[in-house]
């Protein structure tokens, strides 16, 4: 319910305790963003951004396409660690950057139409198996890249977030297939 409402630009459900064993769920049929904001955010749709990340993209858009960690903390009402984690996630997904090494101001990186995808080195190494077999597993990635399970899981998550792989199944039985990408 939370995900569906957030995806449609509605306020998340509010849960309140009415009595000792009763609670109330309030669903607002009121948009959180304007239709123009929702349309603008669509260009980042494939990145699987959380509500705070979307909120900060809109904040940055209204403030010269930039923001600071402190802005994030204030707007999203989170601590410095949560803000830093979300910012790093956005940078990894390619929609945020800080042009100055060690800089404190982050800038929006807009997706470009027809942009060639920058393939990470890990992807290049597993691509042959993807082409031959059609999928790879965590075990395959560990063997090809000579990494531990946790590192292979992190790599697959990154490749899924970048839109290079798609997960089929969950847990140890998960297979990762190649998504249709123009090289």
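None of the figures in this text is laboratory data; all of them are computed from the coordinates on show. All figures in this text were calculated on a predicted structure; none of them were measured in a lab. Positions of Cβ are generated from backbone atoms using ideal geometry, with glycine treated the same way; all protein chains shown enter the neighbour counts.
Calculated over segment 45-108, the projected area of the Cα convex hull averaged across directions stands at 4.0 nm². Percent of Cα pairs in segment 40-82 per distance bin of 10 Å, from zero to the largest separation: 28, 54, 18. For residue 172 and residue 15, the FRET efficiency from 1/(1 + (r/R0)^6), where r spans their Cβ atoms and R0 equals 30 Å, is about 0.30.
Nearest 0.05, what FRET efficiency do residue 81 and residue 42 give at R0 = 41 Å with Cβ-Cβ as r? In this case the efficiency is close to 0.85. Ordered from longest to shortest, the equivalent ellipsoid semi-axes for segment 121-178 are 14, 13, 11 Å, each the square root of 5 times a Cα gyration tensor eigenvalue.
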